[in-house]
Every structure is written in structure tokens, then in C-alpha cells.
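I have placed the structure first, in the form of C-alpha cells, so that the comments after it can refer back to it.
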Amino acid sequence: MANNQQATVALIKGADQVPEIAKIDIPSLEPLAMMTEIEAATLCGTDIHLWHSAEKSMPYIPGHESCGIVTDKNGDRYDVTGELVEIGDRIIWAYPFCGECFYCTVANQPTMCDNAARFGREPVAKYPHLLGGCATHQYVPPKSAIVKVPKNVSSELAASAGCALRTIMHGFERLGTVAAYETAVIQGTGPVGLYALAVAKSKGFKRVISIGAPDTRLALAKEWGADETLNIEECTSRNDRIKWIMDQTKGIGADVVIQCAGSAAVSEGLEMVRPGGRYLSIGDGGSSKDIEITPRAMSVKMLNIIGVRSGAGRHFYQALEFLSSAMFPFKDLISGSYPLEHVAEAFAGMKSMSEIKASIIPK
Ligand SMILES: [Zn+2]
Ligand SMILES: [Zn+2]
């Protein structure tokens with residue numbers, strides 16, 4: 001299975017250093033591993049966060065949202081629906097949860113598995129080397145759940161399902177049943193906030209309110225069905241924003257508030273939830289900033305505070321099926337596409353937030 005082909009990759013060698021283009025030998029495949037040629041990789045806030053932080057794993061190939069075509073395999077693998085995966089199939093795939101630890105087995109919470117490689121941050125020096133999406137090729141480990149991409153879903157959108165949308169699917173699963181009278185507030189109008197808005201609309205909330213900025217993204221939120229929007233650049237006071245939500249909800253607060261805006265939004269969001277309501281925290285997984293929570297928010301206010309990390313195979317499948325439904329103009333999320341050689345510009349665009357979601361098209 002060894003070969004002398006090479007992959008072209010983007011390499012991050014130090015915190016905030018411009019990604020460099022390099023060549024890496026394509027490794028031989030372990031039993032049940034596969035090799036893909038990347039069709040598209042999309043960037044998310046976590047890529048920018050990892051880029052800023054001086055990780056021990058440098059240099060690494062960034063990108064944990066990718067969609068590829070299978071070019072080689074060492075044994076037969078099946079996708080999450082039981083279909084044989086063949087050379088030429090277009091796929092996305094989950095982190096390789098070990099299937100043997102406490103979290104994978106007893107707790108049935110595989111995304112907490114400590115033994116899984118996490119794409120877009122593993123040291124390139126370590127086998128199998130090609131574990132980042134900003135590259136011509138990416139390795140699919142034997143334990144990764146695989147999902148074939150429906151024909152009507154573009155590779156860029158399929159890639160974005162592999163982080164933002166699958167995490168949202170997992171979050172809504174943890175949130176549980178939605179009642180037809182309920183109001184949801186979405187904090188954030190980035191890609192995660194917009195996807196969360198779309199899923200919330202499809203789950204049957206009576207009203208969905210988006211809070212974010214700038215105006216262009218709020219316009220997009222409106223187009224995607226937000227019943228009301230609030231611009232945080234115009235309504236700059238935390239207390240005014242909380243009051244506005246109270247005014248929108250007969251003074252009760254929202255049944256559900258979904259955080260897709262970062263840790264700075266959490267304490268404000270907790271104030272927006274009605275007593276006995278639910279707070280789902282999705283965004284800013286990489287932040288270690290402390291926030292203050294008063295005990296009253298959890299006990300007397302009887303809040304359910306729900307966290308979510310990553311997603312398992314079924315969430316990838318749900319994400320692709322949702323995209324395939326074409327219920328929303330999803331392609332609006334992909335704001336710019338870059339060849340691999342221009343990956344540094346894509347990172348700059350994500351950092352400055354001039355891009356909603358940038359995609360890398362290696363070919
Ligand atoms: Zn495990
Ligand atoms: Zn991500």
C-alpha cells in the first residue's frame with residue numbers, strides 16, 4: 001500500500017504564523033483506513049483559535065471540516081447506513097472515537113473519548129501525518145464513522161456539516177423536545193448561529209429571534225426565517241438587550257437560548273432565559289475565559305444548562321440530510337473560496353470576520 005506520491009498541504013509552524021505550503025509523502029494505510037482527495041475544506045472559529053494559541057502540536061495541517069473523494073482503501077468499510085464505501089465515493093467522516101473507553105461504551109458519549117485524534121491540530125510529524133483538511137489529501141482513520149454525501153449537497157457545504165452543523169445536531173438532540181409555543185433566542189449570527197437558526201426553525205419553535213451583527217448577517221438571518229433580529233452594534237448595552245428580549249416575550253424570557261457567540265455572551269444569555277427554561281451552549285469551545293454564574297441562575301431559576309461537544313456519526317448523517325433537504329439557502333454561508341496556495345488569505349478573512357465561512361478548494 002506504500003507509495004511514493006506526495007500531498008500538498010498547508011502547514012502552521014507557530015502561533016499566528018502565516019500558513020506555509022509544503023509537500024508531505026502520502027503514508028501507507030493501516031487496515032480499514034482510507035485515503036481521500038480533498039474536494040473542499042471549510043474554516044471555522046476553532047481553526048482561528050488554534051492558530052492563535054501556541055499549541056504543542058506544531059507544525060500541523062489546519063482544517064477539521066473537509067469533504068473528500070475516496071482514492072484508496074485498505075479493506076472494506078461501510079458508511080453509517082451500512083453501504084459499502086467504494087473508491088470514488090464522496091464522503092465526510094467523524095473523529096476516530098476508540099469504541100473501547102468509558103465514554104465510548106458505558107456513558108455512550110463518544111465525543112468525550114480521550115483516545116481520538118482530532119483533525120486539524122495533530123502534529124504532522126506523527127503517523128498518519130495527513131489529518132488536516134487544508135491539503136490535497138486527507139487520511140481517514142479506521143475508526144472514523146463515514147457518511148456518503150448526497151448528490152445535491154456541494155462539497156463546500158458537506159465540509160461545513162463536519163463541524164458546525166453536526167455539533168448543532170448533537171446540541172439539539174441534547175436539548176430534547178421542542179413545544180410548538182416555545183420561543184428560541186439564538187445568540188450569534190456567524191455560521192454556527194445561522195445554522196442553529198435554520199435547525200431551530202425546522203424543529204418547530206413558534207418564534208426564533210437572532211441576536212448578532214453586522215447588518216448583512218442579520219439580513220441573512222431574516223432571509224433564513226428569523227422572526228425578529230437585534231443588532232448588537234446598535235443595541236450596545238447588555239441590560240438593554242436583556243430588556244428587549246423581555247419585551248419580546250411578555251416579560252417572561254425565552255424558553256430556550258442558544259449560545260453561538262462565544263463565552264462573553266453566556267452571562268447575558270442566562271438572563272434572557274425564562275425561569276425553568278433551557279440554555280444550550282454551543283459556541284466558543286476553545287475559550288478558557290472564566291464567566292460568572294450566580295447560583296440563583298441554576299437553582300432558584302431552575303435552569304437547564306446544556307453543553308455540547310463535537311458530534312458522532314449519526315450527527316454527521318443528520319447534518320447532511322438537513323443540507324440535502326435544501327430548506328434554506330445554505331450556500332449563502334460559504335462567503336469565499338480559495339485555492340490551497342491562498343490559504344493565508346482565507347485565514348486572514350476569517351480572522352477579520354470579512355468572511356462568514358471561507359472554503360479551501362485544493363484542486
Ligand atoms: Zn473512546
Ligand atoms: Zn469547526
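FYI, it's all coordinate maths here, none of it is from the lab. On a predicted model such as this, the values are computed, not experimentally measured, just so you know. All Cβ positions, even for glycine, are placed from backbone atoms using ideal geometry, and neighbour counts span all protein chains on display.
How would Asp227, Asp25 line up from fewest to most surrounding beta-carbon atoms within 10 angstrom?
The most exposed by this proxy come first: Asp25, Asp227.
Using the per-residue mean of other Cβ atoms lying within 10 Å as a proxy for protection, in what order, highest first, do the peptides 302-310, 202-210 fall?
202-210, 302-310
Taking the Cα-to-Cβ direction at Met353 and at Lys222 and moving 7 Å from each Cα, how far apart do the two end points lie in nm?
For Met353 paired with Lys222, the spin-label model returns 2.0 nm.
In deg cm²/dmol, rounded to 500, what helix-only [θ] at 222 nm does the chain give when every DSSP H run of at least 4 residues adds -39500 (n - 2.57) and the total is split over its residues?
That calculation yields -7000 deg cm²/dmol at 222 nm.
Residues of the range 198-232 with backbone nitrogen within less than 19 Å of a virtual label 7 Å along the Cα-to-Cβ line of Lys250, please, listed as ranges.
Residues passing the 19 Å test: 205-209, 227-228.
Work out, step by step, the length gained on full extension between Lys23 and Arg314: first 0.36 nm times the residue separation, then minus their alpha carbon distance; give nm to one decimal.
101.4 nm
Can you tell me the length gained on complete extension of the stretch His52 to Asn152, counting 0.36 nm per residue apart and subtracting the Cα distance?
32.4 nm
Using a simple spin-label model with points 7 Å from Cα along the Cα→Cβ vector, what separation in nm is obtained for Ile361 and Ala117?
2.8 nm
How do Glu122, Glu292 line up, fewest other C-beta atoms within 10 Å first?
By the 10 Å Cβ count, ascending: Glu292, Glu122.
Residue by residue, what Karplus-based ³J(HN,Hα) values in Hz, rounded to whole numbers, does the range 297-306 have, using 6.51, -1.76 and 1.60 with θ = phi - 60° and x for Gly and Pro?
Values per residue, Gly and Pro as x: 4, 9, 8, 4, 6, 6, 7, 9, 9, 10 Hz.
Under 8 Å for C-alpha pairs, at least 6 residues apart: give me the relative contact order for the chain, rounded to a whole percent.
19 percent
Calculate the length of the line joining the C-alpha centroid of the range 7-46 to that of the range 340-358, in whole Å.
The two parts, judged by their Cα centres, are 17 Å apart.
Tell me, what is the FRET efficiency for Asp76 and Lys206 to the nearest 0.05, using R0 = 51 angstrom and their Cβ-Cβ distance as r?
That gives a FRET efficiency of 0.60.
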